[in-house]
Amino acid sequence: RNRCQRLDLSGNARNCFLAGNPNSYRNLIGKGLRCLWHVPHTSGQEVYRNSNHSLGRFFSQSSQPPGEKIPSLLISSVGQPPRHFPAWNIQINRSFRTSPSLQAAPVPLFWIIVKPAQKLFAIILGRSIRNWWKALPPNKRELFKESARKNKWKILLGVSSLGVVFVMFYFTHLEETPITGRARLLVFGKEHFRELSQMEYEMWMEQFKSQMLPETDARYRVVERVVGHLSESNKDIPQVSALKWVIHVVDEPGVNAFVLPNGQVFVFTGLLDAVSDIHQLSFILGHEIAHAVLEHAAEKASLVHFLDFLSLIFLTMIWAICPRDSLAVVGQWIQSKLQEFMFDRPYSRTLEAEADKVGLQFAAKACVDVRASSVFWQQMELAETIQGQPKLPEWLSTHPSHENRAEHLDRLIPEALKIRESCNCPSLSGPDPRLIFKLNMQHLLESSKGRGPPNSTKQDPSKPKLDFPHT
C-alpha cells in the first residue's frame, strides 16, 4: 500500500531561511502520511560523479546581525503553527577512539599498502628483462626471435588465455547497483568496507574533534532534521533503513559535506551558509546519502584495484621495451595519466551523476521542492565566475561541470515531480525557483551595465554578497 510521509516544504510552505536568532528556531513541519512508495528501477543508461565530495565554494548570505553566525531554520505553512517531527532512527554518538583495537587489516587497506610493492616488482621485472635481452649475444637473440616466430600461435594462445581469465574475473564479480539496477564491478565485500569506514570515521573525528558543534546548536538540529526526514521518507529502501545515520556538523568555512559508507554524516557549516534554502540543503544531503546507499566507495575502489592490476602488465612491458630508464619513467607517467583521464575520472563523473539522480528521488519522496536542485549548481557556476576562478574543462575533473550538472538535473526534475505527486505531497504553488534565478540574473546583468569596477573599500569582489530568493 502506498503511504507517504511528507514535509510541507513547498507549495504553501514557503517561509524558509537559514539566518536569524537561534532562539526563534522551530522544528520542521511533519504532516500527512508516511511514504513507502518505491522508486522504480531504471536502466543502466544513466550518467553519474568519489569519496569526500567537495561541493565547491559559494557565498550566499542572508541579512542577519553582525557576528550572528548561527543559521536557524524556520519552515511554516500559511495559517498553520509549526509541528514537531516524529522521532527518527538517528543515532547520536559523538565519542571516538584514537587507538582502535588490534585486528587484521581490511582487505582494501591491505591492497592499498601492497600497491607500491606491486609497482616496484613490475618495474624490477621489466628492467631485468631489458638487461637480460641486452646481455644476450646477437646469435642467441636471433635464435630467440626465430623460436618466437615458430611458436607464435602458442604465445598468442597463452596471451589470449590470460585475457580470458581477466574477462571471466570481471563478469563473475559483477553485481547490480541498488535502486538503479546498473551492473558494476564489485571486488571487495561490504564487511571489509565497514571496517575501513570505521577507521576513516575515527580519523575524521580526531581531525575535527575541536570543531564539532554540540547537539543543542541550531545548525546541528537543522541537519539532524533534514537527514532524519530523508531517511524516514525513504525507509522502504532496505539500504537506507539498514544504516544508522549519525550526524556531525563541523564548524568549518569550506562548502563541503560527505557521508561515509557506514552512515556517518559530516556537514560543514560553510555549506549551511552557501545554500539558499532548505530545499537545496535537502537535495545536497540526499546526494551524499545516495553515495553511501549505492556503495560507490566500494565500487570505485574495486575499479581502481582492477585497473591497477591490469596496469602492472603494461608497466612491466614499458620497462622491458624502453631502452633507457628515463624513457621508461616517461612511459610510466603517460600510462598512468591515460588510465586516469580515460577511466578513473570519467567513472567518477558517472557515479556523481548517478548520485544526483538517486538523491533527487530521495528528496522528491521527502516532498522537497526538487526544482531548487539545479538552481544550486547555477549559483555555484555564478559564484565561481564572479570570483574569477578559472573554468577547467570537464574531462580534467572528477565531477561534472556545474553547468552540465544543472542541465542534467533539469532533465530529471519532471520525473522527480511525478514521484512527489505519487507521495501525495502538497502542490508546488508559486513561481519556479529556476525562473526566479533567471530573472535575478537578468536584473543583475542589466544593473551592472555601464558600471565601473566596484569600490574595494565597500565590498570585496572575490566574496560577493548574493541573495537568490526562491519565492
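The values are calculated or read from the model by the stated rules, or taken from the named source; none is laboratory data. Only a predicted model underlies this, so the values are computations on that prediction, with no experimental measurement involved. Glycine gets a Cβ as well: all are built from the backbone with ideal geometry, and neighbour counts include every protein chain shown. What goes into the accessible areas is simple: the full protein's heavy atoms, side chains included, and nothing from ligands, DNA or RNA. Shrake-Rupley method; radii C 1.70, N 1.55, O 1.52, S 1.80 Å.
With a 1.4 Å probe and every protein chain kept in, tell me what percent of the accessible surface of region 185-446 is carbon plus sulfur.
62 percent
Using amide H atoms built in the peptide plane, which far-off residues or other-chain residues are under 5 Å from Gln264 H to H?
Residues meeting the amide H criterion: Val246.
Modelled label-to-label distance, Ser429 and Asp410, 7 Å Cα→beta-carbon offset: nm?
Placing both labels 7 Å beyond Cα along the Cβ direction yields 2.8 nm.
Over region 185-446, what relative contact order in percent results from Cα pairs under 8 Å that are six or more residues apart?
So the answer I get is 18 percent.
Heavy atoms only, probe 1.4 angstrom, no DNA, RNA or ligands counted: give me His229, His305 ranked by accessible area, highest first.
His305, His229
Mind scanning Lys190/Lys244; Lys119/Lys145; Lys115/Lys152 and naming the pairs with a C-alpha gap bigger than 24 Å?
Violating the 24 Å limit, Cα to Cα: Lys119/Lys145; Lys115/Lys152.
Over region 185-446, average the accessible area per residue using a 1.4 Å probe and give it in Å², no decimals.
Accessible area per residue, region 185-446: 37 Å².
Where does each of Lys209, Lys357 land when they are ordered by accessible area, with a 1.4 Å probe and the largest first?
Solvent-accessible surface, decreasing: Lys209, Lys357.
Kindly state, to the nearest 0.05, the FRET efficiency for Trp395 paired with Leu310, given R0 = 25 Å and r defined as their beta-carbon distance.
0.70
Enter the Cα centre distance for the pair region 293-314 and region 345-387, rounded to the nearest angstrom.
Computed from Cα coordinates, the inter-centre distance equals 25 Å.
Roughly how many nanometres apart are two label points built 7 Å out from the Cα toward the Cβ at Ile113 and Leu445?
Label at Ile113, label at Leu445, 5.7 nm between them.
What is the calculated FRET efficiency for Glu384 to Thr216, with r their C-beta to C-beta distance and R₀ = 41 Å, to the nearest 0.05?
It comes to 0.70.
Using 1/(1 + (r/R0)^6) with R0 = 30 angstrom and r between the beta carbons of Arg194 and Glu252, what's the FRET efficiency to the nearest 0.05?
Efficiency for this residue pair is about 0.70.
Under a 1.4 angstrom probe, counting protein chains only, how are Asp344, Asp273, Asp325 ranked by accessible area, largest first?
Result of the area sort, largest leading: Asp273, Asp325, Asp344.
On full extension of the chain, what length is gained from Glu340 through Glu206, given 0.36 nm per residue of separation minus the C-alpha to C-alpha distance?
Working it through step by step, the gained length comes to 45.1 nm.
Bin all alpha-carbon pair distances of region 185-446 at 10 Å intervals from 0 and give each bin's fraction as a whole percent.
Result, from short to long distances: 6, 25, 31, 23, 10, 4, 1, 0 percent.
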